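The values are calculated or read from the model by the stated rules, or taken from the named source; none is laboratory data. A quick note: this is a predicted structure, and the numbers were derived from the prediction, not measured. Neighbour counts are summed over all protein chains in view; Cβ atoms, including those assigned to glycine, are modelled from backbone coordinates with ideal geometry.
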Amino acid sequence: MGWEKGFTLVEVIVVIVVIVILVTIAAFGINKFQADGRDAQRTVDATTIADSLEKYYDHNSEYPSCAQLTAPASTVRSQSGALAGIDSDALIAPKAGSSTTNSISCADLASATSGDYFAYVGDGSDSCNTVSCLQFTIKYIDESDGTVKTISSKRTVDINTSGTVTVTAGSVTYTSGSISWNQLQNATGYTIQRDTSNTFSTGNLKQVSVGPAVSSYQFTDLAPNTTYFYRVQANATVNNSSLWSNIANKATNTLPTPTLANAQVNPVTVTESWGSTSGVTTYTIQRADNTSFTSAQTDSVSANSKTYSDTPIGNARYYRVRATISNGSTTYNGAWSNTVTYTSYVPQPDSAPSISSAVSGATATGISGTVTCSQGGTPVYSLRETHKSNSGDGDNWTSWTSWSSSNRSYAVTAYEGYQHTFQAKAACTYASSYSTELTSGTSSSVCGINTPATPTWPSGLSKSWRQNTWGHYMWYGTYCPGGTWVNDTWFHSRPWSGATPADNYHNFGFNDWWWLGPSGGASVFYEARYTCATSYTSSDWSPLSSDWIWVYW
């Protein structure tokens, strides 16, 4: 059989490769041609949109908001729309989906991968999203080289055309103050300045930046009792910022000055107290032994009182307090309160003691009544005594007995006929210190006089009398206790019938005598008695004496 000549496998492969290369070149050329066509269309559409935006500005002196441009195409193209009368094709990007009628978006374009649409980038303010914009930039993708193309607005609007910022100072505390202001359209934020001078040029100036949606601010690092000045400026991407607002000012609250008072709990414990104040939880209190508070004891308390349990009795101490408030690492102090001067003391008894007295046998006793001591004090007692028989004599008091908490009585020897007078005093003691003492009145008791002994015949007087003898001085022997004296006396004789003198009674000291005597003499019976007395009492009559004498011629 014969052989027919054909292509080799290598030749076939070469042909196929050449064909593929030719097809690829042709396809690339077609795609490039198509992309260039779409790029041209995008440029035309973007320019058309930009021109329509400038027309909007001519009528409104501002550019439309993002919301206005991204509305449905029918709304955007309407007579009242943002791009009134624009060709509907100009709103559709070349590679937009078949259902797309408006390819304008507010999403910024970063690269060719972001999509095929017209990005409407406003002035960056919140107002540009919903109200109006001060400027714009249209962005779109160039397919040929993947770059982002831009068309910027021909004009910009000054932020000051949006109005004026007015700031108002609001509520304050000791360390905080708030302000508020009206928001400006198209503001991208606000700058706040605070200072202690309305020139805003001191070292205390503080500047804060806040976002566009903020219309109030609170400073929490203020000092009490200080006037602060505030102003606000609106910021914008166009013309940078607005004019400064008015200057508002307000002083922070002044830390209150407490009013200090004290109360003694017991002689070594005293409580200093003061009224509470809203917003203040800490106080500084000082105690010193001098009015200048040199080397003072200083304490910080979170209550409205401070109790000292080591107060020296009888020594003056001075107290003062002030409100303290901390803000971060800074502490602020209010003014010092009034100074309270206080000397701790042992309170005296509730009353002076009563006093009673009595005489029993040879003993006179005074007894003090009880008293009550407050604040933990212990009552103690002391007594003294004086005695006399003659009311005209002065008092000769004994020394006061030693203080005693358990013994309220004082016993002395009682003297017949004497008045024994007692007096008591009481005090309160605490920690070896004593209160002011209170003294009772006096109580007196009289010791009675025992019945004196029988009187004896006058000393040296004979019991043998002659008649018509004179001058028999009749003073019987008496026996009254010391300090007493003979008070009532009498003696008499009982002679025979018809004798002179008759049966008469005489006081001691009488000069007795006889006129007549019986023939040959006679015995005459004499008897006598007496009492002892003082200014305060007297005894019973003594027993009668019994004596016989001889009266003769």
Q | Extreme residue, modelled with the lowest pLDDT, among residues of the range 491-509 that are within 30 Å of Asn390 (Cβ to Cβ) and surrounded by fewer than 17 Cβ atoms within 10 Å (Cβ to Cβ) | A | Tyr505
Q. Which residue, of Val380, Val346, Val371, is closer than 17 Å to Gly441 by Cβ, out of contact with any Leu (no Cβ under 6 Å at 6 or more places or on another chain) and buried (at least 20 other Cβ atoms within 10 Å of the Cβ)?
A. Val371
Q.
Being assigned to a loop (DSSP other than H, G, I, E, B), β-branched (Val, Ile, Thr) and surrounded by 15 or more Cβ atoms within 10 Å (Cβ to Cβ): is that true of Thr401 here?
A. yes
Q. Is there any pair linking a residue in the range 447-474 that is over 16 Å from Ser546 (Cβ atoms) and modelled with pLDDT of 90 or more to one that is in a loop (DSSP other than H, G, I, E, B) and of a type in the set (Asp, Glu), with Cβ under 6 Å and at least six apart or on different chains, and which?
A. Cys447/Glu416; Ile449/Glu416; Thr451/Asp540
Q. Which one of these does Gly482 not meet: (1) at pLDDT 90 or above; (2) in contact with a strand residue (DSSP E or B) (Cβ under 9 Å, 6 or more places away or on another chain)?
A. (2)
Q: Search the range 323-334 for residues being surrounded by 13 or more Cβ atoms within 10 Å (Cβ to Cβ) and closer than 17 Å to Ser278 by Cβ, and hand back the single one that is nearest to the chain's Cα centre (by Cα).
A: Ala323
**Q.** One residue from Thr307, Thr269, Thr294, Thr324 being under 28 Å from Ile179 (Cβ atoms) and not assigned by TED's automatic domain parsing to the domain that holds Val172
**A.** Thr324
Q | Complete set of residues in the range 60-88 that are surrounded by fewer than 14 Cβ atoms within 10 Å (Cβ to Cβ), at pLDDT 90 or above and part of a helix (DSSP H, G or I) | A | Ala67, Ser74
Q: Considering only the range 249-275, state which residues are part of a loop (DSSP other than H, G, I, E, B) and surrounded by 14 or more Cβ atoms within 10 Å (Cβ to Cβ).
A: Thr252, Asn253, Leu255, Pro256, Thr257, Pro258, Leu260, Pro267, Val268, Trp274
Q) Can Asp512 be described as surrounded by 13 or more Cβ atoms within 10 Å (Cβ to Cβ), more than 30 Å from Thr365 (Cα to Cα) and modelled with pLDDT under 95? A) yes
